[in-house]
Amino acid sequence: MAPLIAARGVEKHFPVTRKFSEVLRGERPINRAVDGIDLTIGEGETVGLLGESGCGKTTTGRLLLKLTQPTGGTIQFAGEDLNQVKGPALKRFRQQAQLVFQNPFDALNPRFTIFRALREPLLNAGIPETEHADRMWTAMRRVRLPDVDAYYDRYPHQLSGGQLQRVVLARALVLEPRFLVADEPVSMLDVSVRAGILNVMRDVHATMGLTAVYISHDFALVRYVCARTVVMYLGKIVEDGPSAEVVERPQHPYTKALVQAVPVPDVNQSRAPLPIKGSLSQAQAPQGGCRFRDRCPYAFERCASEEPLMREIVPGHKAACHLL
Amino acid sequence: MSVLSVQDLKVHYRTDRGVAQAVRGASFEVPEGQVVGVVGESGCGKTTLARAIMGVMPKTASIAGGKLLFDGVDLVSLSPKDLAARRWRDIAFIPQSAMNSLDPVYRVGTQIAEILIERGGMDKASAKRRAVELFDMVGLDAGRLRDFPHQYSGGMRQRAAIAMALALEPKLVIADEPVTALDVIIQRQVLDTFKDLQSRLGLSVILITHDISVVAYASDRVVVMYAGEVIEAGATAEVLKRPFHPYTMGLYKAFPELHGDGGTLVPIEGTPPNLIHPPSACAFADRCPFVEQRCREVHPPLEPVESGSLAACLRSGEADRLRVLAGEASTWLR
C-alpha cells in the first residue's frame, strides 16, 4: 500500500494564558498538544486514534485535515506537502479530505433541509449540476437511508440522532473523498443506534476503499471499526499496531491499563486495581525521558533520563517503552 | 428490608403538544445496602425518575400517581418544605456533570462546609474537620479544599460531588450517570472509590446509566426501563446472564466487545414510541423481532419469570428459545 498520509515529526504547540508571575519572569509556557508524532497511513487503511481527553488526538485529526497549522514537522498527503498547498490545490485537498463531527445535532444547519445540506458541498466544489442527484442518492444509499424522498424535504430537528449522524456521514461522502476523519462519531448517540452507525462505517470503508482515521476514547469501538490502532499519550504516540494485537497483547504499560479499564458487560469481570497512578489531567508532561513515568508502576531510572523511541516488537506492532 | 419502594409511579410533563407521560407506572425496590442500576436509553424516564425521588422537578412536571415510600413515609405526599429538609440528609444526589452541583464562584471547601453547617447543624470548626475527612475518603488532597471548581479536573470534580453527597451520611444516594463524562481510566478509579465507600458505609444507591457495562461492574440489582416503564428487573448477574425481555437481549448485542472478534454488532431498529400518545399495549412491539398480534393488543404485566427476575413480556415463557434467536444478527435486521 502506498502511503496516503505521511506525517513526520509533527508538532502543535499552543501558547497558554500566562499567570502574572510568569509574565514578570518573562516565561512563555506552552501546551504541547501534539509533540512530535510520526504517522504513516496507507491508502485504504482504517486507523483508530485512541487516548484520553487531552492526549492530543483531536488536534492530530485537525492537523491531518489542515484545519490547523502545525508548529513543526511536515504532513504529506498523496505526496504533497500540506504546509505548501494553497489556492486550487488546497481546494482539491478539501474535497478529498472530509470530517465527520461528534455531535450530529450541531453539525447541520437547522435552517437547511437535508437536500440542501447534502447539495452544499457539491455546489462549493463546483460539481456539474447534472451529477448532483446521482451523487446525493449514492451517498444516501451508502449510509443506509435509501428512502431518499422521505428525507430530502425534512429539517434536522425532524430526524433522530441516528438518522442525523447518517446524514452527516452522507454529506462527508457526497464528494467521494479519499480520506475521512471522524471525531468521536457515535459518542452522542444512544446505545441501540450506535451499532447501526458503526456498521455503516465499516461498510463504507469496505465498499469505497476509503482511508479513514477514527478518533475515540472507546477501545471497543476502535477495535470494531479499525484494522489498526494508534494509542496516544500526552502528545506522543506510545503504541501502534493491528487492533486485535493491541487489545490482546498490549505492550506499553499505558495501553495495558487502558485495556484493563474498559468496562465489559459481564458481572464476573476483573475488579483488580489498575496498574496506573494518578490521572492524565493532573499529569504534567515531565520534561525529558518518558512522559508516562510519573504514572507508570514499572518506571526506573532510565525512564527519567532517556526518552523511549518507538520500536517494532513483532512485525507491524510498535511501542515506545524501555522495558520492551 | 427496602430503603425505598417505588410503587406505580407516574410522572407527566406538560408540553406544547400535550401531556408527555415520561414515567408510566414504574415499580421497584431499593434494598438496604445495595446498588440498584437503572438502565435505559435517553428518553426512557430514568432521569425523570431520579428527579421525582429527589423532589426536584421542573415546573412543567408533576407526579400523576403512585407512591415513593422512603422509611415508610410517602415522599409524594410531603410538602416541598418537608421534602427539602430530607434532601442531602436522607437522600443525596450525584449528578452527571459535577459542574452542575458545584457553584463556580465559591471554593469547594466552602460549599461542602455550607451543607454541613446549614443542613447538618455543625459548627464551623467541626464542619472543617469533617470536610477534610470527606476529601480523604474520596481520595482527594485536603489542600484542594481551598480551590475553585474550575481548578479541578473532571475526575476530581466527580470525587468532590461524591464527597458532598456523602457529607451528611444519607441513607440513599442517587447517582445520575456519575462517570459517563469521564475517561475510562478515571471512570474506573472513580467507580472503584464509590463502590468501596458504598460497601464500607452500607449505602443504598440508585445508579442511573445508559451503560450496561457500568451496571455489570457496580450494581447488585438492575432495573431496565423502556418508554417510561420498567420492563425487566432482578439481580444483575441473573438479568445479564439470562435476560427475559427482548429489549434487554437486544441491548446486549448492541455493544461492541473488546475481546474476541465480537461478530457483527446489531442495532435495535426504530425509535421508542411518542410518550404523548404512548401505546396502550407493549411499547416495544414496533421494534421487537418477536412481536405477535397479541403484543399490540394486551399490555404485558411485569411478572416473575423462572430465573427469579421480573419481566414484562407476553412471550417470556419462550425466553430460552428467543434468547438463542436474539443472539443471531439476522433476527434484528429487517
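Go over the candidates B:I206, B:I212 one by one and state the one that is modelled with pLDDT under 95 and crowded, with 24+ Cβ neighbours inside 10 Å. Every option except B:I212 fails the conditions. The number of residues in region A:145-184 that are among the hydrophobic types (A, V, I, L, M, F, W, C), under 20 Å from B:V266 (Cβ atoms) and part of a helix (DSSP H, G or I) comes to 1.
Taking the criterion of being assigned to a loop (DSSP other than H, G, I, E, B) and either touching a Phe, Trp or Tyr at 6+ places or on another chain (Cβ under 6 Å) or under 23 Å from A:A89 (Cα atoms) (or both), the residues of region A:122-144 that qualify are A:G126, A:I127, A:P128.
Residues are listed down the side, and each one gets a yes or a no for (1) closer than 19 Å to A:R32 by Cα; (2) modelled with pLDDT of 90 or more; (3) of a type in the set (D, E):
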{"residue": "A:G288", "(1), (2), (3)": "yes, no, no"}
{"residue": "A:R295", "(1), (2), (3)": "yes, no, no"}
{"residue": "A:E306", "(1), (2), (3)": "yes, yes, yes"}
{"residue": "A:V314", "(1), (2), (3)": "no, yes, no"}
{"residue": "A:K318", "(1), (2), (3)": "no, yes, no"}
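Go through (1) without any contact (Cβ under 8 Å) to a residue 60 or more places away in the chain; (2) facing another protein chain (nearest Cβ under 9 Å) for B:D196 and report which single condition fails. Going through the list (1) without any contact (Cβ under 8 Å) to a residue 60 or more places away in the chain; (2) facing another protein chain (nearest Cβ under 9 Å), B:D196 breaks only (2). Comparison of B:A285, B:A319, B:A281, B:A329 shows that the only residue that is touching a Lys or Arg at 6+ places or on another chain (Cβ under 8 Å) and within 14 Å of chain A (Cβ to nearest Cβ) is B:A329.
Any chance region B:52-59 includes a residue that's outside the structural domain of B:Q158 (by TED's automatic domain parsing) and either over 17 Å from the mean Cα position of the chain (by Cα) or of a type in the set (F, W, Y) (or both)? Looking for residues that are outside the structural domain of B:Q158 (by TED's automatic domain parsing) and either over 17 Å from the mean Cα position of the chain (by Cα) or of a type in the set (F, W, Y) (or both), one finds at least one in region B:52-59, hence yes.
The number of residues in region A:38-56 being over 15 Å from A:G9 (Cα atoms) and out of contact with any Asp or Glu (no Cβ under 7 Å at 6 or more places or on another chain) comes to 12. Would you pick out the residues in region A:292-323 that are of a type in the set (K, R) and over 20 Å from A:C55 (Cα atoms)? Across region A:292-323, the qualifying residues are A:R302, A:R311. Scanning region B:95-114 for residues that are modelled with pLDDT under 90 and either touching a Lys or Arg at 6+ places or on another chain (Cβ under 9 Å) or not charged (D, E, K, R) (or both) yields B:P95, B:Q96, B:S97, B:A98, B:M99, B:N100, B:S101, B:L102, B:P104.
Does region A:43-53 contain any residue that is among the polar types (S, T, N, Q), more than 14 Å from chain B (Cβ to nearest Cβ), under 21 Å from A:P3 (Cβ atoms) and out of contact with any helix residue (DSSP H, G or I) (no Cβ under 7 Å at 6 or more places or on another chain)? No, region A:43-53 has no match at all.
Residues in region B:242-277 that are free of Cβ contacts under 8 Å to residues at least 40 places away in the same chain and among the charged types (D, E, K, R): B:E257, B:D261.
Which of the helices (runs of 4 or more DSSP H) found entirely inside region A:218-324 contain at least 1 residues meeting this: within 12 Å of chain B (Cβ to nearest Cβ), in contact (Cβ under 8 Å) with a residue 24 or more places away in the chain and over 26 Å from A:G73 (Cβ atoms)? Steps first, please.
Details: elements: A:219-225, A:243-248, A:253-261, A:301-305.
The helices (runs of 4 or more DSSP H) meeting that bar are A:219-225, A:243-248, A:253-261.
Could you tell me whether region A:18-36 includes any residue that is out of contact with any Pro (no Cβ under 6 Å at 6 or more places or on another chain), under 20 Å from A:V225 (Cα atoms) and in a strand (DSSP E or B)? Scanning region A:18-36 turns up no residue that is out of contact with any Pro (no Cβ under 6 Å at 6 or more places or on another chain), under 20 Å from A:V225 (Cα atoms) and in a strand (DSSP E or B).
Quick one: which of A:L169, A:L180, A:L164, A:L173 is buried (at least 21 other Cβ atoms within 10 Å of the Cβ) and within 14 Å of chain B (Cβ to nearest Cβ)?
On the way: A:L169 fails: within 14 Å of chain B (Cβ to nearest Cβ); A:L180 fails: within 14 Å of chain B (Cβ to nearest Cβ); A:L173 fails: within 14 Å of chain B (Cβ to nearest Cβ).
Every option except A:L164 fails the conditions.
When A:L63 is tested against the conditions (1) among the aliphatic types (A, V, I, L, M); (2) within 20 Å of A:H205 (Cβ to Cβ); (3) out of contact with any helix residue (DSSP H, G or I) (no Cβ under 9 Å at 6 or more places or on another chain), the lone failure is (2).
Taking A:Y233, is it closer than 30 Å to A:E43 by Cα, at pLDDT 90 or above and among the aromatic types (F, W, Y)? Judged against the criteria, A:Y233 is a match.
Listed by first and then second residue, the pairs with beta-carbon distance under 7 Å, at least 6 apart or on different chains, first residue in region A:110-134 and touching a residue at least 40 places away in the same chain (Cβ under 8 Å) and surrounded by 10 or more Cβ atoms within 10 Å (Cβ to Cβ), second polar (S, T, N, Q) and in a helix (DSSP H, G or I), are A:A125/A:Q95. Restricting B:A167, B:A175, B:A181, B:A216 to residues that are of a type in the set (G, A, S) and more than 16 Å from the chain's Cα centre (by Cα) narrows the list to B:A167. Here region B:200-223 is the region considered, the condition is being within 11 Å of chain A (Cβ to nearest Cβ) and in a helix (DSSP H, G or I), and the residue that is farthest from B:E29 (Cα to Cα) is B:S213. Scanning region A:37-49 for residues that are closer than 16 Å to A:E239 by Cβ and either in contact with a Gly (Cβ under 7 Å, 6 or more places away or on another chain) or not in a strand (DSSP E or B) (or both) yields a total of 2. Only one entry of B:L302, B:L275, B:L325, B:L314 meets the criterion of being in contact with a Phe, Trp or Tyr (Cβ under 8 Å, 6 or more places away or on another chain) and not small (G, A, S), and that entry is B:L325.
Any idea which residue in region B:224-257 is surrounded by the most Cβ atoms within 10 Å (Cβ to Cβ), counting only those that are in a loop (DSSP other than H, G, I, E, B) and at the interface with chain A (Cβ under 8 Å from one of its Cβ atoms)? By that ranking, first place goes to B:F255. The C-beta contact set for region B:134-159 (first residue buried (at least 17 other Cβ atoms within 10 Å of the Cβ) and among the hydroxyl-bearing types (S, T, Y), second residue modelled with pLDDT of 85 or more and assigned to a helix (DSSP H, G or I), distance under 7 angstrom, 6+ apart or interchain) comprises B:Y152/B:A160. Against the numbered list (1) among the small types (G, A, S); (2) closer than 21 Å to A:R144 by Cβ; (3) within 11 Å of another protein chain (Cβ to nearest Cβ); (4) part of a helix (DSSP H, G or I), A:S187 comes up short only at (4). The single condition among (1) away from chain A (no Cβ under 14 Å); (2) more than 18 Å from the chain's Cα centre (by Cα); (3) under 24 Å from B:R51 (Cβ atoms); (4) not hydrophobic (A, V, I, L, M, F, W, C) that B:P149 does not meet is (1).
The values are calculated or read from the model by the stated rules, or taken from the named source; none is laboratory data. Here the structure is a predicted model, which means the values were calculated and not measured. All Cβ positions, glycine included, derive from the backbone under ideal geometry; neighbour counts span all protein chains shown.
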